[in-house]
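Enquirer: The structure's right below; bear with me while I get my questions together.
The values are calculated or read from the model by the stated rules, or taken from the named source; none is laboratory data. All of these numbers come straight from a predicted model, not from anything done at the bench. Every residue, glycine among them, receives a Cβ derived from its backbone with ideal geometry; neighbour counts consider all protein chains shown.
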2 protein chains.
Amino acid sequence: MTGSGTPLGPGGEFDRLRAVFRRLGPRLRGAGDDAALITVDGAHLALSCDLAIEGRHFRLDWLTAEEVGWRACAAALSDLAAVAAEPLGVLAAVGVPEGRDGEFLERLMDGIARAADATGAVVWGGDLVRAPHVTVDVTVVGRADQPVRRSGAQPGDGLWVTGLLGGPRTAVSAWEAGRTPPPDARDRFAHPVPRIAEAAWLRDHGATAMIDLSDGLVGDAGHLAAASGVGLVVEAERVLVHPAVGADEAVVVALVGGEEYELLVTLPEGFGEAEGFGRRFNLPLTRIGGVAVGEGVRVLRDGRPMQPGRGFSHF
Amino acid sequence: MTGSGTPLGPGGEFDRLRAVFRRLGPRLRGAGDDAALITVDGAHLALSCDLAIEGRHFRLDWLTAEEVGWRACAAALSDLAAVAAEPLGVLAAVGVPEGRDGEFLERLMDGIARAADATGAVVWGGDLVRAPHVTVDVTVVGRADQPVRRSGAQPGDGLWVTGLLGGPRTAVSAWEAGRTPPPDARDRFAHPVPRIAEAAWLRDHGATAMIDLSDGLVGDAGHLAAASGVGLVVEAERVLVHPAVGADEAVVVALVGGEEYELLVTLPEGFGEAEGFGRRFNLPLTRIGGVAVGEGVRVLRDGRPMQPGRGFSHF
């Protein structure tokens, strides 16, 4: 989901979005979170969509049909996790070239349905068209009675992240270099798991702001900082790097690699239940920095500023 | 919207959909209407999406950027009209090639927003990616407290249609032959108007079943007949043909031309307020046949069976 009434972090992609949003003016009602948060007749809903196109977001020699479907649906569901919503259903708009409208299409739809089913959501329908490249847009709808927004971080909060970072970027780098990625890095790219239950737990344990890592840790931290009107400090050496990431580039890949679908969350200073989270979900929850008065993201490595480069641009 | 637990009419596109739906099994919960009808915490919602891709659904030498956006959004909104829902908001997932990410993109988004605004809906957000061809998927959400379904037609009902048919197909045929389409046929293709208020009026005047004309009159009548478990009789000479359609092919174009976004509706035998509809909306509402015991669609011309050919396939 990309849509904003509240500020976005820096970058060319976001300059373009700002121009689009300016033009829409009052007709745009999004609140700048990962999912649009709306209320209809007393029902509090979160909605988001994620568009993935062959050649840009995946390649068919990288992924199976099921994985293409799973990944597109999981990416959209991750936007619901980012606001701590409970997935209800999905619409799948799918375009396929001639020759991919039989078994391939059925398996792709099966991947979408399995990703939805894994979070308790169902497939409500969609659209099916002929297209020059495999095209998948999944729209997700969830219940969001107590959403966590990007905008609630307070100076003094701790900055935390779930999981081990860098796996998806490592897989893509291997493919792009003509190598076979390490299986567990490949799995992080092909089979991301939206952190739905983890997000609800974090909300129930006091999360003040949250975002999912789709643009990369530093990029998404920038969006959260801008939305909350605070500064964030990331201590790079605290970030847990996926073991498949090559040691020479580990920290940079973890800081800027996108498509992680882990959660970046701010929690009150006194939060001390990371071990309980880890046991419950078999997933690390790691403090990687804090929230300060100010703006933007400062990345420190062993106490000295570092410039990790740009995150992944979907655009 | 394409999604079905209830029967679809005949055709290769629909065979493919049936295979996909079989595979999804109980994970698919759509009810087979133009829009998915769901209830969340007491709120009755209708959702649909429409995916349009450059080269397949439109060409950039046919339409302006605004028209591409308007048309994609109007097509999705027309699915809400088909179930007599009230549009609330839209998500727009847009992909554009390099070089179309400035003014072109802003104007495309403006077209989406204007189509939404014209029905009282707002833009909640969306997704923006780089794509090899201009790609637009619009998801619409509406309130559907009293939806009209495809499945309610009863033997003895009259079969009615709004508007003048054949304009969009005439425009496309002209472009494909290298000619400039008549301006009002072009406008019917480039600037379709979802029949939102008309649908609410029809619901309030007893509509028993409804569908919008996206696949062509005969094709969509087949879906309605299958969903209702009835037969439909279309008297071809009653169909009002758009004046831009060439006289030699008028009836066939009106019967099978797609992308009309007019409404096909069944109304009780005693319905006699077509003139009031016409005055209110400045749009004809024409009885073109009736509902019978049986199945499928019989097209008669001056009382004799005719075979008008296939409708437009999106696939």
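The rows are residues; the columns are (1) in contact with a helix residue (DSSP H, G or I) (Cβ under 9 Å, 6 or more places away or on another chain); (2) more than 30 Å from B:G99 (Cβ to Cβ).
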site: B:A116; (1), (2): yes, no
site: B:V122; (1), (2): yes, no
site: B:A131; (1), (2): no, no
site: B:T135; (1), (2): no, no
site: B:V140; (1), (2): yes, no
site: B:D145; (1), (2): no, yes
site: B:G152; (1), (2): yes, yes
site: B:P194; (1), (2): yes, yes
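Enquirer: If you check A:G95, A:G120, which single one turns out to be outside the structural domain of A:A190 (by TED's automatic domain parsing), farther than 18 Å from B:A35 by Cα and surrounded by fewer than 24 Cβ atoms within 10 Å (Cβ to Cβ)?
Expert: Answer to the check: A:G120.
Enquirer: Whether any residue in the stretch A:217-233 is modelled with pLDDT of 95 or more, surrounded by fewer than 20 Cβ atoms within 10 Å (Cβ to Cβ) and not in a strand (DSSP E or B) is what I want to check.
Expert: Yes, the stretch A:217-233 contains a residue that is modelled with pLDDT of 95 or more, surrounded by fewer than 20 Cβ atoms within 10 Å (Cβ to Cβ) and not in a strand (DSSP E or B).
Enquirer: Scan the stretch B:135-153 residue by residue and report those that are assigned to a loop (DSSP other than H, G, I, E, B) and either closer than 12 Å to B:M109 by Cα or facing chain A (nearest Cβ under 9 Å) (or both).
Expert: B:D145
Enquirer: Considering only the stretch B:109-129, I want to know if a residue exists there that is assigned to a helix (DSSP H, G or I), more than 13 Å from B:T139 (Cα to Cα) and without any contact (Cβ under 8 Å) to a residue 24 or more places away in the chain.
Expert: So far as the stretch B:109-129 goes, yes, one or more of its residues are assigned to a helix (DSSP H, G or I), more than 13 Å from B:T139 (Cα to Cα) and without any contact (Cβ under 8 Å) to a residue 24 or more places away in the chain.
Enquirer: Looking only at the stretch B:156-167, which residues are buried (at least 24 other Cβ atoms within 10 Å of the Cβ) and either more than 16 Å from the chain's Cα centre (by Cα) or within 14 Å of chain A (Cβ to nearest Cβ) (or both)?
Expert: Across the stretch B:156-167, the qualifying residues are B:D157, B:L159.
Enquirer: Exactly one of (1) more than 19 Å from the chain's Cα centre (by Cα); (2) modelled with pLDDT under 95; (3) of a type outside the set (S, T, Y); (4) closer than 25 Å to B:C73 by Cα is unmet by B:P243. Its number?
Expert: Just one mismatch for B:P243, condition (4).
Enquirer: Taking B:E259, is it within 30 Å of A:V129 (Cα to Cα), within 14 Å of another protein chain (Cβ to nearest Cβ) and out of contact with any Gly (no Cβ under 8 Å at 6 or more places or on another chain)?
Expert: So B:E259 passes the test.
Enquirer: Considering only residues of the stretch A:31-47 that are within 7 Å of another protein chain (Cβ to nearest Cβ) and part of a strand (DSSP E or B), which is farthest from B:A85 (Cα to Cα)?
Expert: From the stretch A:31-47, those within 7 Å of another protein chain (Cβ to nearest Cβ) are A:36, A:38, A:40-43, A:45, A:47; that's our starting set.
Of the ones still in play, those that are also part of a strand (DSSP E or B) are A:36, A:38, A:40, A:43, A:45, A:47.
Details: A:A36: 20, A:I38: 17, A:V40: 13, A:A43: 17, A:L45: 18, A:L47: 18 Å.
Going through the qualifying residues, I end up with A:A36.
Enquirer: Taking the conditions exactly as written (in contact with a Ser or Thr (Cβ under 8 Å, 6 or more places away or on another chain), under 20 Å from B:H57 (Cα atoms) and β-branched (V, I, T)), does B:V136 satisfy them or not?
Expert: no
Enquirer: Would you please name the residue that is nearest to the chain's Cα centre (by Cα), looking only at residues in the stretch A:133-155 that are surrounded by fewer than 18 Cβ atoms within 10 Å (Cβ to Cβ) and more than 24 Å from A:G42 (Cβ to Cβ)?
Expert: A:Q154
Enquirer: I would also like to ask the following. Suppose we filter the stretch A:48-82 for residues that are away from every other protein chain (no Cβ under 11 Å), in a strand (DSSP E or B) and within 12 Å of the chain's Cα centre (by Cα); how many remain?
Expert: So the answer is 0.
Enquirer: Of the numbered conditions (1) modelled with pLDDT under 95; (2) crowded, with 24+ Cβ neighbours inside 10 Å, B:E103 satisfies every one except a single condition; which is it?
Expert: (2)
Enquirer: Across the stretch A:188-216, what is the total count of residues that are farther than 12 Å from A:L263 by Cβ, surrounded by fewer than 22 Cβ atoms within 10 Å (Cβ to Cβ), touching a residue at least 12 places away in the same chain (Cβ under 8 Å) and charged (D, E, K, R)?
Expert: Adding up the residues that qualify gives 0.
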